[in-house]
Amino acid sequence: MNTNSKNESRIIFEPGKVRAEYDIFVKTSELKSKLTCYIPAFDLIYSANSSEEIKKRADIMVKSFVRFYFEEDSSKNFFVALHKLGFRTPNHNLTMKEALNKKLVRAKFLNTNNEVPEGFEKSNFLAEQTELAVA
């Protein structure tokens, strides 16, 4: 695990596929036997018992996040959720218009919130990636 995170997260959208690149902040909880994990890009917090479980749970949670928004109203709610979480593209207004009108072919969203979350300033972090197929 590393301690020098830039807290940079990306979502790469391509036809039929979404790839998420994100940081997981990890600190030992007060119970000492649990690890508290936070993925700021998606505002997800969870606990794990081991390093292996950290990545496994992160993958499941990020995939669940993406699937939830795609199943709600295909991709429309997904792009609105990304926008609310601070993800932006270089030509964001045009990209969002295309996404909401279901005309977006490819886009790379970068999370503009680079702050390390409170309580995790001295924690370790893992850079992780999750990819899944979408309709």
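The values are calculated or read from the model by the stated rules, or taken from the named source; none is laboratory data. If you're wondering where the values come from, they're calculated on a predicted model, not measured in any experiment. Neighbour counts are summed over all protein chains in view; Cβ atoms, including those assigned to glycine, are modelled from backbone coordinates with ideal geometry.
Taking region 16-48 as the range and being of a type in the set (S, T, N, Q) and either modelled with pLDDT of 90 or more or closer than 30 Å to Leu104 by Cβ (or both) as the test, the residues that pass are Thr36, Ser47. Tell me, please, whether a residue that is assigned to a loop (DSSP other than H, G, I, E, B) and among the aliphatic types (A, V, I, L, M) can be found in region 33-56. Checked against the condition, which is being assigned to a loop (DSSP other than H, G, I, E, B) and among the aliphatic types (A, V, I, L, M), region 33-56 yields at least one hit.
The number of residues in region 75-96 that are outside any helix (DSSP H, G or I) and out of contact with any helix residue (DSSP H, G or I) (no Cβ under 6 Å at 6 or more places or on another chain) comes to 7. Considered as a group, the residues in region 21-43 that are crowded, with 18+ Cβ neighbours inside 10 Å and of a type in the set (Val, Ile, Thr) include one that is farthest from the chain's Cα centre (by Cα), and that residue is Thr36. Can you tell me which residue within region 57-115, out of those that are polar (S, T, N, Q) and touching a strand residue (DSSP E or B) at 6+ places or on another chain (Cβ under 6 Å), is farthest from Asp23 (Cα to Cα)? Among them, the one singled out is Thr95. Taking every residue in region 53-82 that is free of Cβ contacts under 8 Å to residues at least 24 places away in the same chain and pairing it with any residue that is buried (at least 16 other Cβ atoms within 10 Å of the Cβ) and not in a helix (DSSP H, G or I), at least 6 positions away or on another chain, the pairs with Cβ-Cβ distances below 6 Å are Arg57/Tyr46; Arg57/Ala48; Met61/Leu44; Phe65/Phe42. Remark: pairs (first residue in region 91-102, of a type in the set (Lys, Arg); second residue surrounded by 11 or more Cβ atoms within 10 Å (Cβ to Cβ); Cβ separation under 8 Å; 6+ apart in sequence or on different chains) = Lys102/Ser74; Lys102/Ser75; Lys102/Lys76.
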